[in-house]
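Only the coordinates and a few stated rules stand behind these numbers; no lab work does. Only a predicted model underlies this, so the values are computations on that prediction, with no experimental measurement involved. Note that we place each Cβ from the backbone using ideal geometry, even for glycine, and neighbour counts take in every protein chain shown.
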Amino acid sequence: MIELYHFWDSPCCFKVRTVLAEKNLDWQEHLIASVQFDHFQPEYQAINPHSIVPSLIHDGHVLMQSGIIAEYLDETFPENPLTPKDPVARATMRQWAFEEQAYLFPLIVTMSFNLMMTLREKAYGMDQLREWSKRHPDQARAQDYLNRISSPLDQKSVDEAGKKFTWYMARLEKQFEASGGPWVCGETYSLADISLGPILDRIDYLDMLDLLDGTPKVVEWYRRMTECPAFKKGAPLFEYRMWGPKKPIPDRRVGSDEPYASFPSA
Ligand SMILES: N[C@@H](CCC(=O)N[C@@H](CS)C(=O)NCC(=O)O)C(=O)O
């Protein structure tokens with residue numbers, strides 16, 4: 001049995017859900033509402049002491065870190081292999097999976113915090129957010145989170161992150177030239193594609209696809225990714241997408257009685 005602790009609008013969880021879909025695996029869902037600090041509750045910290053998602057439990061074995069979970073699933077369930085046989089292509093796959101984690105993910109966190117998380121203050125109101133923050137075991141961190149989401153948009157940081165992002169995309173464009181495409185590592189669709197796809201999905205959802213203006217091969221590859229059935233299946237359900245440029249907050253206060261972990265659009 002496979003159990004996945006996740007929240008829908010998380011690129012790391014999107015990656016794991018896509019691998020599960022590629023392998024045609026059924027999984028039992030444990031939804032984590034980050035806005036309510038479920039991931040800092042003792043029950044979840046017993047599974048994942050870092051209080052981050054995703055976590056996957058397979059036949060009683062707990063696995064953490066989306067990239068490691070993705071490789072584990074690919075090794076354990078060989079149907080539809082997602083790792084190239086050629087050692088150079090395999091190293092390239094791991095290199096891009098690493099770049100996603102080490103460099104691209106932190107950039108989209110900066111952009112998302114500024115352009116998405118800050119909308120929570122208006123939608124929920126500070127009183128509700130303060131109430132939920134009482135569930136956080138580290139009140140200094142909870143206060144820091146509240147301060148950050150109620151701060152004005154830091155456009156300079158968003159622009160700087162965007163600039164760095166285009167630098168990585170120019171490198172990815174060169175990778176497509178070197179591999180010959182259509183996938184990151186060439187002929188073989190791999191975990192590199194599945195690692196990078198959700199990052200591009202977030203850029204799309206932030207309405208910042210113009211960051212790809214100088215990289216036509218990346219644009220073409222991303223379009224191809226969005227057509228993959230497993231990628232569609234792994235993508236966040238719209239009701240669970242956080243508010244952002246493509247999903248404005250509703251014209252009303254959102255209460256704690258809404259469907260769990262959802263972000264209502266009306
Ligand atoms: N390197 C980790 C990163 C996990 C991570 O940061 N997950 C985010 C969601 S994408 C999270 O749990 N954020 C909650 C928090 O930081 O409070 C992985 O790939 O699994």
Using only the alpha-carbon atoms, how far is helix 139-149 inclined from the longest principal axis of the chain? Give it as 0 to 90 degrees, nearest 10.
80 degrees
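Sort segment 87-240 into rounded, prolate or oblate with this rule: let a ≥ b ≥ c be the square roots of the eigenvalues of the Cα gyration tensor; rounded if a/c is under 1.5, and if a/c is not under 1.5, prolate when a/b is larger than b/c, oblate otherwise.
Working: a/c = 2.26, a/b = 2.07, b/c = 1.09.
It is prolate, given that a/c is not under 1.5 and a/b is the larger ratio.
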Treat the count of other C-beta atoms within 10 Å as a stand-in for reagent exposure and order Cys185, Cys12 from fewest to most.
Cys12, Cys185
Shape metrics for segment 3-48, restricted to C-alpha atoms - Rg then Dmax, Å:
11.3, 32
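For the chain, compute Rg over Rh where Rg is the Cα radius of gyration and Rh is the Kirkwood radius from the inverse mean 1/r over Cα pairs. Spell out each step's value before the answer.
Details: Rg = 18.7 Å, Rh = 19.3 Å.
When Rh is taken as the Kirkwood radius, the ratio is 0.96.
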Could you compute the FRET efficiency for Lys164 and Met64, with r as their C-beta to C-beta distance and R0 at 22 Å, rounded to 0.05?
0.25
What relative contact order, as a whole-number percentage, does segment 87-240 give when Cα pairs under 8 Å and 6 or more residues apart are counted?
29 percent
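Give the shape of segment 20-129 as rounded, prolate or oblate, defined through the alpha-carbon gyration tensor: a ≥ b ≥ c are the square roots of its eigenvalues, a/c under 1.5 means rounded, and otherwise the shape is prolate if a/b is larger than b/c and oblate if not. Each step should come with its number before you reach the end.
Values: a/c = 2.59, a/b = 1.54, b/c = 1.68.
Oblate, because a/c is 1.5 or more while a/b does not exceed b/c.
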Would you list which aspartates and glutamates come within 17 Å of Lys174, measuring only between C-alpha atoms, while excluding same-chain residues fewer than 8 positions from it?
Glu99, Glu100, Glu187, Asp193, Asp213, Glu220
Take the cross-link list Lys15/Lys217; Lys85/Lys232; Lys156/Lys232; Lys164/Lys232 and give me the ones stretching past 31 Å between alpha-carbons.
Lys156/Lys232
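For the chain, calculate the relative contact order in percent as a whole number, restricting contacts to Cα pairs under 8 Å that are 6 or more residues apart.
The normalised contact order for the chain reaches 27 percent.
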Return Arg90, Arg17 ranked ascending by Cβ neighbour count within 10 Å, so the fewest neighbours appear first.
Arg90, Arg17
Kindly put Ser150, Ser256 in sequence by how many other C-beta atoms sit within 10 Å of each C-beta, fewest to most.
Ser256, Ser150
Taking only Cα atoms, what is the 0 to 90° angle, nearest 10, from helix 155-179's long axis to the longest principal axis of the chain?
20 degrees
What lysines sit close enough to Lys247 to cross-link, taking a C-alpha to C-alpha distance under 17 Å and skipping anything fewer than 8 places away on the same chain?
Lys122
Helix 216-226 sits off the longest principal axis of the Cα atoms of the chain, rounded to the nearest 10 on a 0 to 90 degree scale, by 70 degrees
